[in-house]
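Colleague: Dumping the structure here so I can ask a few things about it.
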Amino acid sequence: MSVIDEIKQRIDIVDVVSQYASLKKTGRTFRALCPFHSEKHPSFFVYPEQQSWHCFGACNTGGDVFAFVMKKESIDFGEALRLLAQRAGVTIPSRFEPGAEGKEKERAYQVNEAAAQYFHNLLVNSPSGDKARNYVASRGLTSKTVAEFQLGYSLNSWDGLKQYLTERGYTEGELLAAGLVIQTEEGKTHDRFRNQLMFPILDAREHTTGFGARALDDSSPKYFNSPQTPIFDKSSILYGINLSTAAIRQQNMAVIVEGYMDTITAHQNGFNNVVASMGTSVTEKQVNTLKRLTKNMVLALDADTAGEAAMLRGIGYENTLDAEVKVIILPRGKDPDDVIREDKQNWQHLMEEALPVVDYAFNMVTAKLDLKTARDKSLVVDKLLPTVAEIKDTVRQAHYLQKLARLLKLSERSLDAALGKIKASQGRRQIKEPKPQAMTRALRPLLSSPLEEYCLALILQHPELKDKGEGLLPKHFQSSENREIFIAWQQANDLSSLKAQLDTALHEELDALINKSLPANQIEPKYDNCVRRLREIFLKSLEAKRAEIFALEAESGGTGADLAKLEEEGIEPSIQLREVFAQKARRRQEQQR
Ligand SMILES: [Zn+2]
């Protein structure tokens, strides 16, 4: 038995959750006010039989005991494992402890932390930090803010930092690995950051992973940051996340801006749920990072660059999040820093006016057209229908199809037919499976999950499956360990970077999956089948949980409003489930032909 299984055996989810929420037994389940969001009517449930939990309210998420502890304590899988192991009295083999790789990372965090302190001290105390201090004052930042964000100054010198750190026992190799020094062709090293305002970049767990820097003279580029290192991956880190986690959870919303100063000014003015994508457009990985905190995101877009591309990406994020993404468009030529400093009410106002990304796309496309003419109508359809087709959530897709029909005064049926064609051409690219296999017959859902493992083994051993985009999501995995491996697989480019991303406690399982013997042919159909089954199991289990709650609600004489609310929430999975069945039926027909 693996350590993970052993912990699951010994720990009762009811005991663990009881520490954070006051559970009341109702029938076979326990319910409580959700410990993750504030509510008046309890929509958080624990299922002792499946050892799982689910919040049917704002969180609309669930999982096993690991997922609960990870979310509640804001820690990663490895930390949750160690915490629960301790609780269960399970000894974790030393091979699961952070290995040499982990120690190297630990050291890199330390050297960055030391550098951040050095820079901060220079900004606050040294005479040479004058210019930087003036700049900070000119941007209206208070000393409290400077301390909170640990802003700093790098000397106009080639080896100020290098000397400081080597005197404190850090080796040149360590400075190089952390990206703090640059090596010349002759093999000499010098400070990377010189005469700049320094922004330490921390992750959600307060590790200093790297730096952003702003030139204080005319040198170009004005802004740059640490290079990619084992601990700094710009595409997955959000600036300010260490100071925003609590506010994002509390307000159940994250606002994503572009720059360091935007984030800092927002926080100084009490908008603590703001983080920055650091210059580039938001990445899938960043969305995944935020997803653990909230599903509601607002993108603050530049009036000049907010093009169709941004819209389409927004819809991509919606599919990742399984929720709506909103956008605000900033006044031309202004960034959030300007807007907030001019008038913070205006920022508040922009937030209130934030539009769902698809509605925004509608506005943008239709703004300059005459919707009465046939030509412009067909232009609108050409532009917007593919966008509508991208939306995975069937209810929302139907909503926007109606909106489009109303807007153009066309029948919904004619648009539906056109939409069907677009979807079919998308579908044809994906579905080529001749016949499903009988292999999934004997699989049991939940506690043990051979199907999840089979699916993971397939995708790990067949990189070509990555492009299939069959709608498999982390939530379709019921076991946290499998979910973790799946998320790492989504983010990594190859097996070695996947392994590096994964907690050492999961390496054993990963190796087992990579070496699992699999049939040699018909990989794609087998994968399709797996995905369908996983989704089906997920939706059915959700449906069953819902049904149980409905019964309870009715028994206890729940108010009509509560029932209506539950019903409203219940719509989505049943439609999705119906879809899965329809897919199955189609397949069966194809087979009989
Ligand atoms: Zn909740």
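Colleague: Given a 1.4 Å probe, how much area per residue of the chain is accessible, in Å²? Numbers along the way, then the final one.
Modeller: Values: 28270 Å² over 593 residues.
On a per-residue basis, 48 Å².
Colleague: For ARG406, ARG139, what's the largest-to-smallest order of accessible area, 1.4 Å probe? Can you show the working numbers first?
Modeller: Details: ARG406 160, ARG139 50 Å².
Highest to lowest solvent-accessible surface, that is ARG406, ARG139.
Colleague: Now, a different point. Going by alpha carbons, how many degrees (0 to 90, nearest 10) lie between the helix axis of 308-321 and the longest principal axis of the chain?
Modeller: The helix 308-321 is inclined about 70 degrees to the chain.
Colleague: To continue, here is another question. Grab the Cα-Cα distance for ALA492 and LYS466, subtract it from 0.36 nm times how many residues apart they are, and report the gain in nm with one decimal.
Modeller: Numbers: separation 26, 0.36 × 26 = 9.36 nm, distance 1.05 nm.
The span from ALA492 to LYS466 would gain 8.3 nm if fully extended.
Colleague: Project the alpha carbons of segment 199-342 onto their principal axes and report the range along each, largest first, in whole Å.
Modeller: Result for segment 199-342: principal-axis Cα extents of 43, 36, 29 Å.
Colleague: Compare GLU73, GLU104 by solvent-accessible area with a 1.4 Å probe and give them largest first, with all protein chains kept in place.
Modeller: Numbers: GLU73 80, GLU104 130 Å².
Ranked list, largest accessible area first: GLU104, GLU73.
Colleague: How much length is gained on full extension from LYS334 to ASP322, taking 0.36 nm per residue of separation minus their Cα-Cα distance?
Modeller: Using 0.36 nm per residue and subtracting the Cα-Cα distance, I get 1.2 nm.
Colleague: Under 11 Å from the 7 Å Cα→Cβ point of SER128, by amide nitrogen: which residues of segment 174-212?
Modeller: Under cut-off, by backbone N: 194-196.
Colleague: With a 1.4 Å probe and all protein chains kept in place, how do GLU186, GLU49 rank by accessible area, largest first? If you can, show how the numbers build up before the last one.
Modeller: Values: GLU186 140, GLU49 115 Å².
Putting GLU186, GLU49 in descending order of accessible area: GLU186, GLU49.
Colleague: Follow-up. What FRET efficiency comes out for ASN346 versus LEU518 if R0 is 45 angstrom and r is the Cβ-Cβ distance? Round to the nearest 0.05. Each step should come with its number before you reach the end.
Modeller: Working: r = 58 Å, r/R0 = 1.28.
With a Förster radius of 45 Å, E is 0.20.
Colleague: When the accessible area of the chain is split by element with a 1.4 Å probe, what percent falls to carbon and sulfur?
Modeller: Working: 14210 of 28270 Å².
Within the chain, the accessible surface is 50 percent carbon and sulfur.
Colleague: For the peptides 363-373, 58-68, what is the packing order when you average, over each peptide's residues, the other Cβ atoms within 10 Å and list the highest mean first? Spell out each step's value before the answer.
Modeller: Numbers: 363-373: 12.0, 58-68: 21.1.
Going by the mean number of other Cβ atoms within 10 Å, highest first, we get 58-68, 363-373.
Colleague: Based solely on its DSSP helices, what 222 nm [θ] is calculated for the chain when runs of n ≥ 4 H residues each add -39,500 (n - 2.57) and the sum is averaged over all residues, nearest 500 deg cm²/dmol?
Modeller: The per-residue figure over the chain is -16500 deg cm²/dmol.
Colleague: Highest mean first, what order results for 283-292, 189-198 on Cβ atoms within 10 Å? All intermediate terms of the calculation are to be shown ahead of the outcome.
Modeller: Details: 283-292: 19.3, 189-198: 21.0.
Per-residue mean Cβ counts within 10 Å order the peptides as 189-198, 283-292.
Colleague: Report the per residue volume, in Å³, of the convex hull enclosing the C-alpha atoms of the chain.
Modeller: Numbers: hull volume 117.0 nm³, N = 593.
It is 197 Å³ per residue.
Colleague: Cα-Cα over 28 Å: which of LYS295/LYS421; LYS421/LYS516; LYS403/LYS545; LYS285/LYS392; LYS8/LYS466; LYS188/LYS285? Intermediate results must be reported in sequence, preceding the final value.
Modeller: Values: LYS295/LYS421 31 Å; LYS421/LYS516 40 Å; LYS403/LYS545 33 Å; LYS285/LYS392 19 Å; LYS8/LYS466 30 Å; LYS188/LYS285 35 Å.
LYS295/LYS421; LYS421/LYS516; LYS403/LYS545; LYS8/LYS466; LYS188/LYS285, as the Cα separations exceed 28 Å there.
Colleague: Just to be sure I follow: if Rg is taken over the C-alpha atoms of segment 2-110 and Rh is the Kirkwood radius over the same atoms, what is Rg/Rh?
Modeller: 1.05
Colleague: Identify the residues of segment 17-50 with backbone N under 11 Å of a label point that sits 7 angstrom from the Cα of ALA551 along the Cα-to-Cβ direction, or state none.
Modeller: Hits in segment 17-50 for ALA551 at 11 Å: 27-29.
Colleague: Return the distance in nm (one decimal) between the two label points of a simple spin-label model at GLU508 and ASP393, each offset 7 Å from Cα along Cα→Cβ.
Modeller: Computed distance between label sites GLU508 and ASP393 equals 4.0 nm.
Colleague: Between ALA246 and SER18, what is the FRET efficiency for a Förster distance of 41 Å, r being their Cβ-Cβ separation, to the nearest 0.05? Display every interim value, and only then the final one.
Modeller: Details: r = 23 Å, r/R0 = 0.57.
E(calc), rounded to 0.05, equals 0.95.
Colleague: For the pair ARG28 and PHE224, what calculated FRET efficiency results from E = 1/(1 + (r/R0)^6), where r is the Cβ-Cβ distance and R0 = 60 Å, to the nearest 0.05? Don't jump to the answer; show the numbers that get you there.
Modeller: On the way: r = 57 Å, r/R0 = 0.96.
My answer for the efficiency is 0.55.
The values are calculated or read from the model by the stated rules, or taken from the named source; none is laboratory data. Because the structure is a prediction, the values reported are computed rather than measured. Neighbour counts are summed over all protein chains in view; Cβ atoms, including those assigned to glycine, are modelled from backbone coordinates with ideal geometry. Quick note on the areas: whole protein, heavy atoms, side chains included, nothing else; ligands and nucleic acids left out. Shrake-Rupley method; radii C 1.70, N 1.55, O 1.52, S 1.80 Å.
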